[in-house]
Every structure is written in structure tokens, then in C-alpha cells.
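Step one of this worksheet: look at the structure below.
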Amino acid sequence: MYLDTSVLVKLYVREPDSSAVERTVSGERILCSELVYAEFWSALLAKERAGVLSADMRQRVWQLFEIHLLDDQIELVEVDGLVVRDAAEMMARVFPRVPLRTLDALHLATYAAIDAGPLFTKDQRMIDAARLLGLPLAE
């Protein structure tokens, strides 16, 4: 199953729908774009700024994430030039109905380039674009 950052964060930081996300992901092979490495760090820093996480908790969550990467519990998929070009094409294909952002398009193009089962995102723009592109979504 391919996870974007909006879903991955819910596996590490308690949010109202974290339990449902955990149930959906349970037992699945988890693949993510290598973009999540920076996006996940950014999300943790934002949660610390908002007072949701302490600096110590942020660091512990990050260390656990890195352990999961080393243990291959989460597999990062490379973003190469072909994926970047595919992302631009996807933005054009959903325009003007979905104002797809660059990083979201890169996630979709990364997903489309691999065999990962359904795409799991909580980002509404990505959901709308995936539906227009005919990409299977996790429920």
C-alpha cells in the first residue's frame, strides 16, 4: 500500500483518525515516495510549533521512523526524472478540475510508477486527482 505523508503522520502522532488509519494499514507492505523523508520532518516540526509535540517527543518519533526505514517496515521509492515528468503530465491531465500541487503530483506519479496496491491519502486534492486519473484508493 502506498502512503502519502498525510497518512504516514497519523501512524506516528495521535490524531482523531489514527486508529482507523492503523486498521487500514495493518499487515500491509508500506511504500512511500522518498519525498516523505523531508515532508514527515516538516510535519513533525509543525506539530512542535503548534504545541502538539514536545521537542523530545518529536525526536523520539523521528528516531522510530528512521528505525522503520532501516528495518524496511517502510520502503522509500526514488523520485527520478521520469517521475518528475509524469507528475507534470498528471497536473495537466487533471487541470482545471483539480489544482494539483507539485509535491502531490510527485506522490501520484511515484505511486503510478510502482506496483503498490491502493493509494492511501487523506489529502482531498490528491483524492480528487487520483479519481480523475483512475488510480485505486484505499478506503
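FYI, it's all coordinate maths here, none of it is from the lab. Keep in mind the model is a prediction, meaning the values are calculated, not measured. As a convention, Cβ positions derive from the backbone with ideal geometry for all residues, glycine included, and neighbour counts pool all protein chains shown.
Computed values, structure above
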| item | result |
| --- | --- |
| 15 Å cut-off, amide nitrogen to a point 7 angstrom out along ALA113 Cα→Cβ, residues in segment 1-24 | none |
| Global form of segment 64-139, assessed from the alpha-carbon gyration tensor, a/c cut-off 1.5 | prolate |
| Under 10 Å, Cβ to Cβ, from PRO118 - net charge with Lys/Arg +1 and Asp/Glu -1 | -2 |
| Computed over segment 1-115: relative contact order in percent, which uses C-alpha pairs under 8 Å that are six or more apart | 27 |
| Estimated inter-spin distance, GLN124 and GLN63, nm [label 7 Å along Cα→Cβ] | 3.9 |
| Linear extension gain, PHE95 paired with SER26, 0.36 nm per residue minus alpha-carbon span | 21.4 nm |
